[in-house]
Amino acid sequence: MDFQNRAGSKPGAGALMSKSESNVARRERLRKLALETIDIENDPYFMRNHLGSYECKLCLTLHNNEGSYLAHTQGKKHQANLARRAALDAKESEASAPTKYSTQPKIKRNVVKIGRPGYKVTKIRDPQTRQFGLLFELTYPEVTDDTKPRHRFMSAYEQHVEAPNRQFQYLLFAAEPYETIAFKVQSREVDMRPGRFWSYWDRDTRKFTLQFFYRNPTRASGAAPHSVVPGFNDISAPTAALEGAAALSSGMFY
């Protein structure tokens, strides 16, 4: 043990500092350190309130004088909040940063729409698997030779024409110069396996055909299969130009 340099060992030395005196000295050291590194007048989180005291807008703390606020800025709480705010600002700046494709000018396609294509919808059922399905036949006699109709499924929450109904979805067909049309069909899982879902474009007759089957609903063992799927007959006439549907040039069509 060092008996020579310990506090109070020298003749005439005072007593040890109390805990409160030590805290006052620590705050004074922190205030002097903060004055060297912080311009309190330009601190965005420093605020004088109407009561004459000071507030930290970042940590929502109240201080009686500037020294108390400056000592607070050197504490763990303020430094942690500064780091958290810097990380949040960096994340927001990355999210709002323009993508590499946004600088390229968008080419607007000026295509005069000539109306809706002819269509025919047939309800089908596989006698072996007892799956219900739909067969769509659309005719596009005025499309060019290098144009192939495309399609996509769209949920009820992507459009803004009708009130969203989770029991239905939309099947869209698009081919210029015709309007994009959408059929409102039942929102059930579609069987995407080969042979269950297929499409064909006949360039000679300008007819586009698409067929798909719904997956059979799961049922408890011993229960009788459904003779008719609930909601299977709820197929509406096509709606043209649904707001929220992707344009023909969008990659969301197939």
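The values are calculated or read from the model by the stated rules, or taken from the named source; none is laboratory data. As the structure is a prediction and not an experimental result, all values here were calculated from the model. As a convention, Cβ positions derive from the backbone with ideal geometry for all residues, glycine included, and neighbour counts pool all protein chains shown.
If a residue counts only when it is in contact with a His (Cβ under 6 Å, 6 or more places away or on another chain), which strands (runs of 3 or more DSSP E) contained entirely in region 135-193 have at least 3 such residues?
Values: elements: 150-155, 168-174, 181-186.
In region 135-193, no matching strands (runs of 3 or more DSSP E) lie anywhere.
Could you give me the residue pairs with C-beta distances under 9 Å whose first residue belongs to region 119-136 and is under 19 Å from P149 (Cβ atoms), whose second residue is among the charged types (D, E, K, R) wherever it lies, and which are 6+ apart or on separate chains?
What qualifies is Y119/E137; K120/E137; V121/E137; T122/E137; L134/K123; L135/K120; L135/K123; F136/K120.
Which residues, taken from region 68-77, are of a type outside the set (G, A, S) and in contact (Cβ under 8 Å) with a residue 24 or more places away in the chain?
Quick first cut of region 68-77, residues of a type outside the set (G, A, S) only: 69-70, 72-74, 76-77.
Passing the criteria: Y69, L70, T73, Q74.
Within region 28-46, track down each residue that is within 15 Å of Q79 (Cβ to Cβ) and out of contact with any strand residue (DSSP E or B) (no Cβ under 6 Å at 6 or more places or on another chain). Even if it seems obvious, please write down each step before you answer.
Of region 28-46, the ones within 15 Å of Q79 (Cβ to Cβ) are 30, 33-34, 37-38, 43, 45.
Selection gives L30, L33, A34, T37, I38, D43.
Considering only region 46-90, how many residues are modelled with pLDDT under 90, crowded, with 16+ Cβ neighbours inside 10 Å and under 40 Å from the mean Cα position of the chain (by Cα)?
Here the count works out to 6.
Restricted to region 47-84, and to residues that are among the hydrophobic types (A, V, I, L, M, F, W, C) and not in a loop (DSSP other than H, G, I, E, B), which residue is nearest to N23 (Cα to Cα)? Before you say what the answer is, go through the steps one by one.
If we filter region 47-84 for residues that are among the hydrophobic types (A, V, I, L, M, F, W, C), which is where we start, we get 47, 51, 56, 58-60, 62, 70-71, 80, 82-83.
From the residues that got through so far, the ones that are not in a loop (DSSP other than H, G, I, E, B) too are 47, 56, 62, 70-71, 80, 82-83.
Details: M47: 24, C56: 21, L62: 18, L70: 14, A71: 11, A80: 21, L82: 24, A83: 26 Å.
By that ranking, first place goes to A71.
Can you work out which of the residues in region 162-192 that are of a type outside the set (A, V, I, L, M, F, W, C) and exposed (fewer than 10 other Cβ atoms within 10 Å of the Cβ) is farthest from the chain's Cα centre (by Cα)?
Start the filter on region 162-192 by keeping residues that are of a type outside the set (A, V, I, L, M, F, W, C), which leaves 162, 164-167, 169-170, 176-180, 184, 186-189, 191.
Keeping just the survivors that are exposed (fewer than 10 other Cβ atoms within 10 Å of the Cβ) gives 166, 189.
Numbers: R166: 19, E189: 23 Å.
My answer is E189.
Just the residues that are under 22 Å from A86 (Cα atoms) and either of a type in the set (D, E) or in contact with a His (Cβ under 8 Å, 6 or more places away or on another chain) (or both), please, taken from region 26-35.
The answer is none; no residue qualifies.
Which residue, of Y119, Y200, is of a type outside the set (G, A, S), part of a strand (DSSP E or B) and loosely packed, with under 13 Cβ neighbours inside 10 Å? Write out each step before concluding.
On the way: Y119 fails: loosely packed, with under 13 Cβ neighbours inside 10 Å.
Result: Y200 is the single residue among Y119, Y200 that is of a type outside the set (G, A, S), part of a strand (DSSP E or B) and loosely packed, with under 13 Cβ neighbours inside 10 Å.
Within region 26-45, how many residues turn out to be outside any helix (DSSP H, G or I) and either surrounded by 13 or more Cβ atoms within 10 Å (Cβ to Cβ) or in contact with a Leu (Cβ under 9 Å, 6 or more places away or on another chain) (or both)? It would help to see each step written out before you state the result.
Let us first name the residues in region 26-45 that are outside any helix (DSSP H, G or I), namely 38-39, 43-45.
When the remaining residues are screened for being either surrounded by 13 or more Cβ atoms within 10 Å (Cβ to Cβ) or in contact with a Leu (Cβ under 9 Å, 6 or more places away or on another chain) (or both), the result is 38, 43-45.
Total satisfying the criteria: 4.
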